[in-house]
1. If one computes the Cα centroid of the range 211-236 and of the range 519-598, what distance in Å separates the two points?
2. Starting from the exponent 0.38 and prefactor 2.2 Å, build the expected Rg for the range 740-810 from its residue count and divide its actual Cα Rg by it.
3. To the nearest 20 Debye, how big is the dipole of the chain about its Cα centre, given +1 on the beta carbon of each Lys and Arg and -1 on that of each Asp and Glu?
4. Grab the other residues whose beta carbon is less than 12 angstrom from that of GLN247, score K and R as +1, D and E as -1, and report the net.
5. Please state the charge dipole magnitude for the range 670-721, taken about the Cα centre, from unit charges on C-beta atoms (+1 on K and R, -1 on D and E), reported in debye and rounded to the nearest 20.
6. Alpha carbon centre of the range 679-713 versus the range 773-792: separation in Å?
7. Go through the range 547-563 residue by residue and turn each phi into a ³J(HN,Hα) via Karplus (6.51, -1.76, 1.60, θ = phi - 60°); whole Hz please, and just put x for glycine and proline.
8. At each listed q (0.10, 0.13, 0.14, 0.19 Å⁻¹), what is the log10 of I(q)/I(0) that the Debye formula gives for the range 659-812 modelled as equal alpha-carbon point scatterers?
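The values are calculated or read from the model by the stated rules, or taken from the named source; none is laboratory data. Please read these numbers as outputs of a predicted model, since none were measured by experiment. Reconstructed Cβ throughout: ideal geometry from the backbone, glycine too, with neighbour counts over all protein chains shown. All accessible areas refer to the heavy atoms of the entire protein, side chains included, with ligands and DNA or RNA removed. Shrake-Rupley method; radii C 1.70, N 1.55, O 1.52, S 1.80 Å.
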Amino acid sequence: MKRSISKPNYHITFFSVLLVLLYLSTVPANAEVISPSQYFGFQPGSDRMLLDYEELITYLTKLAAESPRLDLREIGESPQGHKMYCAFFSTAANINNLENLRDINRRLALDPEIPNDQREVLLKNGKVFFMAALSMHSGEVGPSQSAPIIAHDLVTTTDPQVMDWLDKVVYMMVPCHNPDGMDMVVNHYKKYKGTKYEGSSMPGIYHKYVGHDNNRDFVTLTQSDNKAIARLYNTEWYPQIMVEKHQMGSRGPRYFVPPMHDPIAENVNESLWNWTWVLGSNLATDMTEAGLAGISQHYLFDDYWPGSTETCNWKGVIGLLTEAASVKYATPIFIEPTELTAYGKGLSEYKKSINMPLPWPGGWWKLSDIVEYEIVSTMSLLKTSALHRQEILAFRNTHCRQEVERGKSQPPYYYILPQEQHDASEFVNLVNLLVEHGISVFELTHSFISANRVYQEGDLIIPLAQPYRPFIKEVMEAQVFPVRHYTPGGKIIKPYDITSWSLPLHKGVTAIEINYLPDQQPEMRMIAAPFNLKSNDPGEFWAALLTANYNESYRAAFKAKKAGLKVDRLQESINFDDLTVPKGSFLIYWDKKKKTKLAELFDGLVVAPVFIEKSKNVKTTTLEIPRIALVESYFHDMDAGWTRYVFDTYGLPYQVVRPGDFEKTDFAKKYDVVVFPNENKSVLEKGKYKSDDEYYISAYPPEFTKGIGDEGQTRLMTFLDGGGIIIAWGRSTKLFTGQLEIKRGKEEVEEFQLPFKDISEKVRKAGLYCPGSLLKILLLEDHPITLGMEPEIGVFSRGNPVFSTSFPNFDMDRRVIGKFPETDILLSGYCENEEKMGNKAGIIWLKKGRGQLVLFAFNPQFRASTGVSYKLMFNSILLAEIE
């Protein structure tokens, strides 16, 4: 596809337009539309000045009331309750016709059978919808700070060329992807402004739960702000182009534009990748011709993994990423030429190259520079969208046609989800997630045979002949990393992020890939959404029985306890109406006085419990919810945030304890369980980063950098000595390696070493490389930690840590609860020399006196995406004390 420009003298014309637009942002075109500088009292992007989310939305609301070129629509809510918006910019005629234009988008995106004459009419009348989501990472303030200027420019410009672009394009601006984080960062900046800590890193995470990982959530869609963004392109507006605007490090290129670097997703349509070249090449050309240096392409960032906002690529939306070099929020920085560097894929040196033809020379770099780059890049995308309007619209429908045809002619043809599942609640959740993504899911109305296997009436079936076929295949299959090399036989091009996201494997759901066309077309009907496996109101009953196999049973049990209901747990398996209910399952008893709470509890389930009408003689123990301390550092501790999200979702109460609070916390008195999510040992112990043997001071204000310290460690060991339970995973487990000590009174000190080691460094040196994959683990059966689990599952691992155990001394003991098999360890993703992990421990239970520790070599709740291993975490929390 050949990149085109609007006219031979385009570059001069475009640069002139930009100058006009920049001028218009400070001088209103008419007295009715107030400029940003007049409204805020400063020009957005000015040194040491930031506007917050409320100010941004209030200004856009005012513009929308004053201009027929802007329609501001509410699209959802952030996790902390901020209303979220999308601003639609175009000509007044297009704004008045938005619903009809939306219908055109929908039909082009989803209808593979549009008659050619009707298709031509749609292409003639349609407009390119170009969507931009700004500043999802709230420390990356520039895109949202530029929004008022861009908005004002678009509603006031009288330039004929820009008006022509607006006639052909509807620009969808999400002014802030992360409203909660925007206010957090702005408030932090203002708090320290004028002090030595101006521009310091904001302590904690700039989101209610997930911080920077909000850009890793677009497959699982756990967060409400991400759901709002995804709905725009999945099921509501079907834009043809989407750009997510970010910032990156300060010492490299000034700006990144597409195309991305290898590896790329093999399931994504090849023509879509070509369109990223067209749009990216015009971005680089336009920005450089506008006098902006340091524009890079084909650098550092890949588009192999779904999970970012660019997951839209798998839906036929041309997804793009831009990244601007950062400053200290709004505080300028000076960069010496000797400090400029390049790293990662695509640029080996900070030199003029095909991926960065005009390097930035160094000097002062300001928020106003970022804002200027954002304005120019937005106008470039608007221009290219207009120039290629009909081609882009045609591509969207061609993509739909091609993918539906591939689903009919290329394997896999279907995925079957049998109705009999180990965890029916995760099965239901997976189905509803696919529907939320815009996937059509069906139920078999008659059994059929494929490859000598019978699939039963009632099983669910997902045809691949759908417009979103690339996404279906991507998230339903096991991942096989596309190994690419920098040179033939040379180093592999490593992935930017993880390499496994298979929904069935991550959730523990059986899904069967059908790679042969059955002799007869399966008979099916579309399921009703939301899908569930509920039953009718049972009326009164003795107890509701919820199997330990289901994650949902734990949530119901936790919430029932919170509601004051009586809950027991089976101490042995029982048979009930030809159904074997495993040990560890829950009984929630009828309580007439709390009938309403019971009804609310069961109404929130997706799978019906077994209701027992008459009292049965079963061996049970009362469920007690322990007092949980959840350790979370101030160092952007995303894994702790994800843990809070899972605990909150499941109704599991906890209190956050910061490392610096350990020395004044009486763990033995206040808590039963202390949970350490994945965090650096040095951050937990010292409040500092460590590389090799050297500590590094962080950019956080000093009141947030206090570690556990000696006194805090003493209190933690006293807690263990008194019968407390410690649960840790990932890097946090290193806290419990080596020599430890318990102090009893003023005189007695017991030194001890738990009977395990972390051997991850040893196996790494032996060649293990695991960049985030799903690995097989074999579980010890009939153990309190593995109740409700299958004998083997997949766990999400980066190969660090890996455990070995040893024979214990004195009052210590250990059990290997889960181990990696000798061979065939990799289930999904990529792992070099996986055999180095063979027969090594992945979960260990340790005893010291009356105290217990459960250590995981993986994150059991990784990004709230690995429901298959949640029960291991919950069962560990519910461990009985050692008497």
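1. Between the Cα centre of the range 211-236 and that of the range 519-598, the gap is 29 Å.
2. That works out to 1.55 for the range 740-810.
3. Details: 95 positive and 108 negative charges, 158 e Å.
Dipole about the Cα centre, nearest 20: 760 debye.
4. Working: positive: LYS245, ARG254, LYS328; negative: GLU140, GLU244, GLU323, ASP369, GLU374.
Result for the local shell: -2.
5. Details: 7 positive and 10 negative charges, 31 e Å.
Charge dipole, the range 670-721, about its Cα centre: 140 debye, nearest 20.
6. 34 Å
7. With the stated coefficients, the range 547-563 comes to 5, 5, 5, 9, 4, 4, 5, 5, 4, 4, 5, 5, 6, 5, 4, 4, 7 Hz.
8. After summing over all Cα pairs, the log10 values are -0.46, -0.77, -0.90, -1.42.
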